[in-house]
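Data first, discussion second: the structure below is written as structure tokens.
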Amino acid sequence: MMDAHALLFEEPLLWEMGAPGRSAFSMPERDVPEHPLEPALVGDYPDFPDLSEPEIVRHYTRLSQWNMSVDTTMYPLGSCTMKYNPKTNERQAALPGIARAHPLLPTELSQGLLRLMFELERLLAEITGLDAGSLQPAAGAQGELAGMLIFYAHHADQGRPRTKILIPDTAHGTNPASAALCGFTAVAVPSGPEGILEPDAVAARMDDDTAGIMVTNPNTLGLFETHIRQVADLVHAKGGLVYADGANMNAVLGQVHMGAMGVDVLHLNLHKTFSTPHGGGGPGAGPVCVTQALARYLPVPRVLKVDDHFTLGSDFPQSIGKLHAFYGNFGILARAYSYILSLGADLPRVSQLAVLNANYLRAGLRNHYHLPYDRPCMHECVFSDKHQLPHKVTTLDIAKRLIDYGFHPPTIYFPLVVPGALMIEPTETETKETLDRFIAALVSIAREAETDPERLRQAPLRAQRRRLDEVQAARKPCLTG
Ligand SMILES: *Cc1c(COP(=O)(O)O)cnc(C)c1O
């Protein structure tokens, strides 16, 4: 059971270890009479394994070493912006005054924390070119929901709620889901041959029953929506609003002014662009920024500054209400604040390097992998398995083989407009040496597809596990061992 490959242990389940009666702690002698449990309770007693303390500590420590993370390797998961998170942000967020602050502290005793939130809102508004914001949403998708509720409230106030939202076919799946959660019908807008929106396609669908459009810019093909201003004007002319999914903001920090592009509402993913560890399901933060005209709908409570004093205000009768307990995931806000202040005026350089790195990969790989939209990209580039398919090698095989080279696979089979997509986002924090190693790995995989496709189809060959049944794991997870 305890197979080992050098010092790499094959790890059994906790239930396969230990021995009956073994325990990780000793209880003091009982000084009260024994009392049997109610029979009803005994039936529900969970099946805890009997383990010693070192067994438990070693089990979890070994498992933690199986993890792949941005701290161990390049993690080029397109759209997710898995960039390295500077440790100074962790240090600031762990300061006792921040980490141990209680959300019920009276405002007089939490002036510093309120100031942090107030200033972060201002910084995010300035970075996006919008006027006001709320830090409350806990994820990008919840920011989208806030945005859709604001769209709804705006149209309801105009005396005529609208029922549809335009969403390009390159959109992240959360966009139509958030619109639907708000009761809107999502209307797909096909992107043009260049992989971006064409104003005519928007004009053909925009009517006075359509609340607006949700656009990601740069879009999930890693391409900048160059017609965005024209698209925004078309939508505004019909009384609609423009939502920008700002999850890809890492490409354009300090480079574009979303307000000037005609955006009315936008969410940011602090856990992507603003350097918070993520993956594994959270926590995150998806602040929403709006124009002055829509600020009255923002979630409450809002952080206000009166003279030199910070307070929390809930007296906003047109607000969409509360979206999260207290003020959102404060620890994430502290990390983003630290990240922005520590970079200061260098923030735009983040995006310059992110775009440069993505284009370096694009140029290094375009002779080996099919590039459906062969033009300069922003922070990510999308290839496909078209050149490998004749050898019966697919995107999944390529992704699995990358694991053998020590890289996390990129995002695959997304966006849906590219069959067999390999969506690569290197981020700004990778060195040229790492990018060169990544290119060399993918070039050698492309060669292997021609010379030994059978072997490639069995990848990963050097990982702890081979091909898992991912569908079964997602649909019928076995959580009890
Ligand atoms: C990640 C992402 C989202 C959703 O953000 P979550 O924080 O995962 O809810 C939305 N849109 C795009 C383009 C994304 O990359």
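Can you list the strands (runs of 3 or more DSSP E) found entirely within the range 279-323 that contain at least 1 residues being open to solvent by 10 Å² or more (accessible area, probe 1.4 Å)?
Details: elements: 288-290, 302-306, 309-313.
Hits in the range 279-323: 302-306, 309-313.
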Quiz item: Regarding Thr216, is this residue within 14 Å of the ligand (Cβ to nearest atom), surrounded by 21 or more Cβ atoms within 10 Å (Cβ to Cβ) and at pLDDT below 95?
Solution: no
Practice problem: For the range 71-160, please list each of the helices (runs of 4 or more DSSP H) lying entirely inside it that holds at least 2 residues being within 16 Å of the ligand (Cβ to nearest atom) and either open to solvent by 10 Å² or more (accessible area, probe 1.4 Å) or out of contact with any helix residue (DSSP H, G or I) (no Cβ under 9 Å at 6 or more places or on another chain) (or both). | Solution: 140-157
Quiz item: Is the range 322-345 home to any residue that is assigned by TED's automatic domain parsing to the domain that holds Thr128 and over 30 Å from Lys83 (Cα atoms)?
Solution: yes
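Rundown of residues vs (1) away from the ligand (no atom under 16 Å from the Cβ); (2) open to solvent by 50 Å² or more (accessible area, probe 1.4 Å), yes/no style:
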position: Thr163; (1), (2): yes, yes
position: Thr170; (1), (2): no, no
position: Pro193; (1), (2): yes, yes
position: Ala201; (1), (2): yes, no
Quiz item: Is there any pair with a first residue in the range 302-320 that is more than 18 Å from Leu109 (Cβ to Cβ) and a second that is part of a loop (DSSP other than H, G, I, E, B) and hydrophobic (A, V, I, L, M, F, W, C) whose Cβ atoms are under 6 Å apart and which are 6 or more apart or on different chains, and what are they?
Solution: Ser314/Val300; Phe316/Val300; Ser319/Val300
Quiz item: For the range 457-467, does any single residue satisfy the condition of being at pLDDT 95 or above and open to solvent by 10 Å² or more (accessible area, probe 1.4 Å)?
Solution: yes
Practice problem: Note down all Cβ pairs under 6 Å where the first residue falls in the range 245-261 and is within 16 Å of the ligand (Cβ to nearest atom), the second is of a type in the set (Gly, Ala, Ser) and open to solvent by 10 Å² or more (accessible area, probe 1.4 Å), and they're at least six residues apart or on different chains. | Solution: Met258/Gly129
Exercise. Filter the range 236-260 down to residues that are open to solvent by less than 20 Å² (accessible area, probe 1.4 Å) and touching an Asp or Glu at 6+ places or on another chain (Cβ under 9 Å), then give me how many there are.
Key: 9
Quiz prompt | Given (1) open to solvent by 70 Å² or more (accessible area, probe 1.4 Å); (2) touching a residue at least 24 places away in the same chain (Cβ under 8 Å); (3) not assigned by TED's automatic domain parsing to the domain that holds Thr170, index of the condition His59 fails | solution = (1)
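The values are calculated or read from the model by the stated rules, or taken from the named source; none is laboratory data. Note that this is a predicted model, so its numbers are computed, not measured. Virtual Cβ from ideal backbone geometry, glycine too; neighbours counted across all protein chains shown. Surface accessibility is based on the protein's heavy atoms, side chains included, excluding ligands, DNA and RNA. Shrake-Rupley method; radii C 1.70, N 1.55, O 1.52, S 1.80 Å.
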